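Heads up: the structure comes next, in structure tokens.
Please treat every number below as a calculation from the coordinates, not as lab data. A quick note: this is a predicted structure, and the numbers were derived from the prediction, not measured. Neighbour counts run over all protein chains shown; Cβ positions are idealised from the backbone, glycine included.
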Amino acid sequence: MALGLREARTQGGFDRYRLGVHHVAFRAGSREAVEKQHRWLVERGAEIESPPAEYDYIPGYYAVLFYDPDGLKLEIVHVP
């Protein structure tokens, strides 16, 4: 588990550099697990920000990003 802290750069509205939690990520055991959770979220009408995709943060970084019912941004990620 990782937690990053940084000073807010802006006030109000959503911005990854403002005060508060940007998002919470949960590690998955495989790309298939990410895809399974994405299907589960879609079936339940969750708001998906980004469907499963590979990102260039780290080789093989594969994630889905979505919002919980209260609007908190969440991520399910697999990194080999």
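Derived scalar couplings between HN and Hα for the range 67-76 equal 10, 7, x, 8, x, 6, 6, 10, 9, 10 Hz in order, rounded to whole Hz, by the Karplus curve 6.51 cos²θ - 1.76 cosθ + 1.60 (θ = phi - 60°), x for Gly and Pro. Working from Cα pairs under 8 Å separated by at least six residues, relative contact order for the range 24-78 is 42 percent.
Each Lys and Arg adds +1 at its Cβ and each Asp and Glu adds -1 at its Cβ; summed about the Cα centre, the range 24-78 shows a dipole of about 180 debye.
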